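Novice: Starting off with a structure, shown below.
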Amino acid sequence: MLYHSLTSSSLMPPLTRQRTPQSLHSEWSRNSLGATISIHAFAKPVMKVMYHRAVLDLIKRQRDIPLSAETMQIYTSYLGCKYVGETTKALILREIFKSVSSGPEAHVVADFLVSYEQLLDSTTVMVRCWTSLILAGLAFHPSTRGAVVVAQLCPQLVTLLGDGNGDIVEGACCALSHISCDLEGAKAVVEAGALETVQNLFMSPRAGVRRWTSEMLAGLTFDPLTRNAVIAAQLCPQLVALLGDDDAAVVDGACTVLIQLSCDSDVAKAVVEAGALETVQNLFTSPRAGVRRWASEMLAGLAFDPLTRNAVIAAQLCPQLVALLGDDDAAVVEGVCTTLAHISRDLNGAKAVIEAGVLETVQNLLTSPRAGVQRWTSEMLAKLAFDPSARKAVIAAQLCPQLVALLGDDDAAVVEGVCTTLAHISRDLNGAKAGIEAGVLETVQNLLTSPRAGVRRWTSEMLAGLTFDPSTRKAVIAAQLCPQLVALLGDDDAAVVEGACCALSHISCDLDVAKAVVEAGALETVQNLFTSPRAGVRRWTSEMLAGLAFYRSTRNAVIAAQLCPQLVALLGDDDAVVVERGCCALAHISCDYANITTSGSMEMDRQDAH
């Protein structure tokens, strides 16, 4: 029987084998009447747990170690794997966020921005939140901001502005505000439609959202290319409303935006119409220096434009502004000085500034260690001294010693402002005397050779004022400045030339100095001055020649210079004063007598002068 069975089995057909027993699992899976279990479905939770433990172990090993490219690559592989749980991804993102505060580590993170687009679209709140915060951190650093812009993530971030989770909205706002600090980033933010969501963001109950929204707008309004888009959004009413926000940082941001917008005349008007001036008084008393600073800067912008300056003056804010000149924060003081300088451009504004008692605080401002304070204080004084009615108050404040001391300041803008003030003061006889007594003439030679045209111009204007009256002219003559003034007749700046011409014309009225003007070579430069496009230059040149031709002792030099053709040409000038003074010069030249000797002419000059 055993043999038979062996023989039978040995005779099996080829390529056949006995039927293998069915496995328990396959038999059950084919014939199961109830719920079944997929081995793949069973494996996914196990994989998530395993990956989560692996990530925890990796984070533990990398603690207190700077983030490396190798570690970041591992993190990125986990973030891109569909079998890694959302909780695990959020954990990884939190660790990455800790690293972006460091510049070098931020560069490592910036090299792996590929998967963030999917993470921003995640259904898990914490994944979206940590991703937006990472992008905010990267955009904070100028060196890695470009990578965020290039990754073109602004559309996803703008979408998150409408998220139901406040943390996510705040993170997205923060990221977009930092991205907006770069021109290319600002363009991307605008193109992504961020401005369509701003009005809702302003009404957010979260201070952080309001703050970062205003910061984002500040970035967008910095450049004219994107500022127009913000202007078109007509957000002034909402921004002005934020000036009354409880959060000082929100107010800071709103002020910054309004300052940038006020650079545009039309928008400055909209800012005023939105009621900005009504809220400014409260801002001046804010305990936060930044709020006071931005409030004064915003007012400076509004006061700079003639269209809105009247509204600022009408708001009667000068007393509050003058009170802020004693603020502990130098930047606040500088902003206030700037505002007062702009207000002083208007006659009514100048009067209001003086009535508010600004001149009582000026001496301290002129000695401030902050150049901006000195600059805008001197600018303000220049504007106040321009008008005759306000000029007397400036002179009465006896500020000339402090002003003259600032002529040696290292800041050229400060020196120019002081020169301007002294030039205006010198138009008044008492002011001219005060300037001379303060020692202004000791510093003039350096000022006339300053590389800054404004300094040379206002110095020559100041000398013109000092030489107008005989009582102060002698001091200028004694300073022997004719060579320097004549040198300025060849200056590239027409205003400088005009001032020098004016001073020389006044000096030429004095018999003893007229000869010094001729000896300094004034007549050699006159021919070019006749053809100047600036009427003031032609006017004072002909006036100077009239003075030189008045005295017989210098008339011969004028005749020898053969200037009659040019003077005759001036008789057809469009400016009546030029024609009048040209006639005067020709009239004096026509009085020449060939038979009068030089010695005799000097004697007759003295008789004529008498």
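Novice: Consider the stretch 68-91. How many of its residues are hydrophobic (A, V, I, L, M, F, W, C) and closer than 19 Å to Val148 by Cα?
Specialist: 3
Novice: Please tell me if Ser265 is in contact with a Pro (Cβ under 9 Å, 6 or more places away or on another chain), touching a residue at least 40 places away in the same chain (Cβ under 8 Å) and not basic (Lys, Arg).
Specialist: Criteria met by Ser265.
Novice: Can you tell me which residue within the stretch 484-520, out of those that are over 37 Å from the mean Cα position of the chain (by Cα) and polar (S, T, N, Q), is modelled with the highest pLDDT?
Specialist: Ser505
Novice: So which residues in the stretch 75-112 are in a helix (DSSP H, G or I), under 16 Å from Arg53 (Cβ atoms) and among the aliphatic types (A, V, I, L, M)?
Specialist: Answer for the stretch 75-112, where residues must be in a helix (DSSP H, G or I), under 16 Å from Arg53 (Cβ atoms) and among the aliphatic types (A, V, I, L, M): Ala90, Leu91, Ile92.
Novice: Hey, does the stretch 124-142 have a residue that's free of Cβ contacts under 8 Å to residues at least 12 places away in the same chain and of a type outside the set (A, V, I, L, M, F, W, C)?
Specialist: The answer is no; no qualifying residue exists.
Novice: While we're here: Quick check on the stretch 92-113. Is at least one of its residues within 19 Å of Ala192 (Cβ to Cβ) and at pLDDT below 90?
Specialist: So far as the stretch 92-113 goes, yes, one or more of its residues are within 19 Å of Ala192 (Cβ to Cβ) and at pLDDT below 90.
Novice: Is it true that some residue in the stretch 539-561 is over 21 Å from Thr459 (Cβ atoms), of a type in the set (S, T, N, Q), under 47 Å from the mean Cα position of the chain (by Cα) and crowded, with 24+ Cβ neighbours inside 10 Å?
Specialist: Checked against the condition, which is being over 21 Å from Thr459 (Cβ atoms), of a type in the set (S, T, N, Q), under 47 Å from the mean Cα position of the chain (by Cα) and crowded, with 24+ Cβ neighbours inside 10 Å, the stretch 539-561 yields at least one hit.
Novice: Among what's in the stretch 54-77 and is closer than 18 Å to Trp130 by Cβ and touching a helix residue (DSSP H, G or I) at 6+ places or on another chain (Cβ under 6 Å), pick the residue that is surrounded by the most Cβ atoms within 10 Å (Cβ to Cβ).
Specialist: Top of the filtered list is Tyr75.
Novice: Restricting to the stretch 523-542, what's the tally of residues that are within 13 Å of Ala495 (Cβ to Cβ) and among the aliphatic types (A, V, I, L, M)?
Specialist: 2
Novice: Residues in the stretch 312-326: is at least one in contact with an Asp or Glu (Cβ under 8 Å, 6 or more places away or on another chain), within 26 Å of Gln363 (Cα to Cα) and part of a helix (DSSP H, G or I)?
Specialist: yes
Novice: Here is a check on your reading of the model: is Trp212 of a type in the set (Phe, Trp, Tyr), over 30 Å from Val272 (Cα atoms), surrounded by 24 or more Cβ atoms within 10 Å (Cβ to Cβ) and in contact (Cβ under 8 Å) with a residue 40 or more places away in the chain?
Specialist: no
Novice: Looking only at the stretch 434-450, which residues are within 25 Å of Val486 (Cβ to Cβ), surrounded by fewer than 18 Cβ atoms within 10 Å (Cβ to Cβ) and of a type outside the set (S, T, N, Q)?
Specialist: Selection gives Gly439, Glu442.
Novice: Okay, next question. Being more than 21 Å from Gly372 (Cα to Cα), out of contact with any His (no Cβ under 9 Å at 6 or more places or on another chain) and among the hydroxyl-bearing types (Ser, Thr, Tyr) narrows it down to one of Thr467, Thr449, so name that one.
Specialist: The match here is Thr449.
Novice: Determine whether the stretch 207-225 contains at least one residue that is assigned to a helix (DSSP H, G or I), over 17 Å from Ala295 (Cβ atoms), modelled with pLDDT under 90 and aliphatic (A, V, I, L, M).
Specialist: Within the stretch 207-225 (the criterion being assigned to a helix (DSSP H, G or I), over 17 Å from Ala295 (Cβ atoms), modelled with pLDDT under 90 and aliphatic (A, V, I, L, M)), the answer is yes, since at least one residue qualifies.
Novice: So which pairs qualify, if the first residue must be in the stretch 217-230 and free of Cβ contacts under 8 Å to residues at least 40 places away in the same chain, the second must be of a type in the set (Asp, Glu) and surrounded by fewer than 23 Cβ atoms within 10 Å (Cβ to Cβ), the Cβ gap must be under 8 Å, and the two must be at least 6 apart or on different chains?
Specialist: The qualifying pairs are Arg227/Asp264.
Novice: Taking the options Leu403, Leu359, Leu365, name whichever one is part of a helix (DSSP H, G or I) and closer than 29 Å to Val497 by Cβ. Give the steps one after another, and end with the answer.
Specialist: Numbers: Leu359 fails: closer than 29 Å to Val497 by Cβ; Leu365 fails: closer than 29 Å to Val497 by Cβ.
Exactly one of Leu403, Leu359, Leu365 is part of a helix (DSSP H, G or I) and closer than 29 Å to Val497 by Cβ, namely Leu403.
Novice: Is there any pair with a first residue in the stretch 59-77 that is free of Cβ contacts under 8 Å to residues at least 40 places away in the same chain and a second that is in a loop (DSSP other than H, G, I, E, B) and aromatic (Phe, Trp, Tyr) whose Cβ atoms are under 9 Å apart and which are 6 or more apart or on different chains, and what are they?
Specialist: Within 9 Å, the pairs are Gln73/Phe112; Tyr75/Phe112; Thr76/Phe112.
Novice: Between Trp540, Trp458, which is within 21 Å of Arg555 (Cα to Cα) and modelled with pLDDT of 90 or more?
Specialist: Answer to the check: Trp540.
Novice: So which residues in the stretch 407-417 are of a type in the set (A, V, I, L, M, F, W, C) and under 15 Å from Met380 (Cα atoms)? Explain how you work it out, then say what you get.
Specialist: Quick first cut of the stretch 407-417, residues of a type in the set (A, V, I, L, M, F, W, C) only: 407, 412-415.
The answer is Ala413, Val414, Val415.
Novice: Given the criterion buried (at least 20 other Cβ atoms within 10 Å of the Cβ) and among the polar types (S, T, N, Q), identify the matching residue among Thr339, Thr361. I'd like the intermediate steps shown before the answer.
Specialist: On the way: Thr361 fails: buried (at least 20 other Cβ atoms within 10 Å of the Cβ).
Result: Thr339 is the single residue among Thr339, Thr361 that is buried (at least 20 other Cβ atoms within 10 Å of the Cβ) and among the polar types (S, T, N, Q).
Novice: Could you count how many residues in the stretch 451-480 are crowded, with 18+ Cβ neighbours inside 10 Å, within 22 Å of Ser532 (Cβ to Cβ) and either among the charged types (D, E, K, R) or under 39 Å from the mean Cα position of the chain (by Cα) (or both)?
Specialist: 12
Novice: Still on this structure: Please go through (1) assigned to a helix (DSSP H, G or I); (2) surrounded by fewer than 24 Cβ atoms within 10 Å (Cβ to Cβ) for Val394 and return the number of the only condition it doesn't satisfy.
Specialist: Only one criterion in (1) assigned to a helix (DSSP H, G or I); (2) surrounded by fewer than 24 Cβ atoms within 10 Å (Cβ to Cβ) is unmet by Val394, namely (2).
Novice: Same structure, new question: Taking the criterion of being among the acidic types (Asp, Glu), more than 30 Å from Gln363 (Cα to Cα) and either buried (at least 21 other Cβ atoms within 10 Å of the Cβ) or at pLDDT 90 or above (or both), would at least one residue in the stretch 420-433 satisfy it?
Specialist: Scanning the stretch 420-433, I find no residue that is among the acidic types (Asp, Glu), more than 30 Å from Gln363 (Cα to Cα) and either buried (at least 21 other Cβ atoms within 10 Å of the Cβ) or at pLDDT 90 or above (or both), so the answer is no.
Novice: Could you go through the stretch 282-294 and let me know if any residue there is of a type in the set (Ser, Thr, Tyr), more than 22 Å from Val190 (Cβ to Cβ) and either within 21 Å of the chain's Cα centre (by Cα) or not in a helix (DSSP H, G or I) (or both).
Specialist: Within the stretch 282-294, one or more residues are of a type in the set (Ser, Thr, Tyr), more than 22 Å from Val190 (Cβ to Cβ) and either within 21 Å of the chain's Cα centre (by Cα) or not in a helix (DSSP H, G or I) (or both).
Novice: Within the stretch 236-281, restricting attention to residues that are among the aliphatic types (A, V, I, L, M) and not in a helix (DSSP H, G or I), which residue is surrounded by the fewest Cβ atoms within 10 Å (Cβ to Cβ)?
Specialist: Checked the stretch 236-281; the qualifying residue surrounded by the fewest Cβ atoms within 10 Å (Cβ to Cβ) is Ala274.
Novice: Would you check which residues across the stretch 492-513 are part of a helix (DSSP H, G or I), more than 13 Å from Leu447 (Cβ to Cβ) and free of Cβ contacts under 8 Å to residues at least 60 places away in the same chain and list them?
Specialist: Selection gives Ala494, Ala495, Val497, Glu498, Cys501, Cys502, Leu504, Ser505, His506, Ile507, Asp512, Val513.
Novice: Name the one entry in Val190, Val169, Val158, Val149 that is buried (at least 24 other Cβ atoms within 10 Å of the Cβ) and out of contact with any strand residue (DSSP E or B) (no Cβ under 8 Å at 6 or more places or on another chain). Lay out the reasoning, then the answer.
Specialist: Working: Val190 fails: buried (at least 24 other Cβ atoms within 10 Å of the Cβ); Val158 fails: buried (at least 24 other Cβ atoms within 10 Å of the Cβ); Val149 fails: buried (at least 24 other Cβ atoms within 10 Å of the Cβ).
Within the list Val190, Val169, Val158, Val149, the selection yields Val169.
Novice: Which one of these is outside any helix (DSSP H, G or I) and closer than 22 Å to Val127 by Cα: Gly171, Gly162?
Specialist: Values: Gly171 fails: outside any helix (DSSP H, G or I).
Sole residue among the options that is outside any helix (DSSP H, G or I) and closer than 22 Å to Val127 by Cα: Gly162.
Novice: Now, a different point. Considering only the stretch 165-191, state which residues are in contact with a Lys or Arg (Cβ under 6 Å, 6 or more places away or on another chain) and under 14 Å from Ala151 (Cβ atoms).
Specialist: Across the stretch 165-191, the qualifying residue is only Asp182.
The values are calculated or read from the model by the stated rules, or taken from the named source; none is laboratory data. Quantities reported herein were computed from a predicted structural model and do not represent experimental measurements. In this analysis, Cβ positions are derived from the backbone assuming ideal geometry, glycine residues included, and neighbour counts consider all displayed protein chains.
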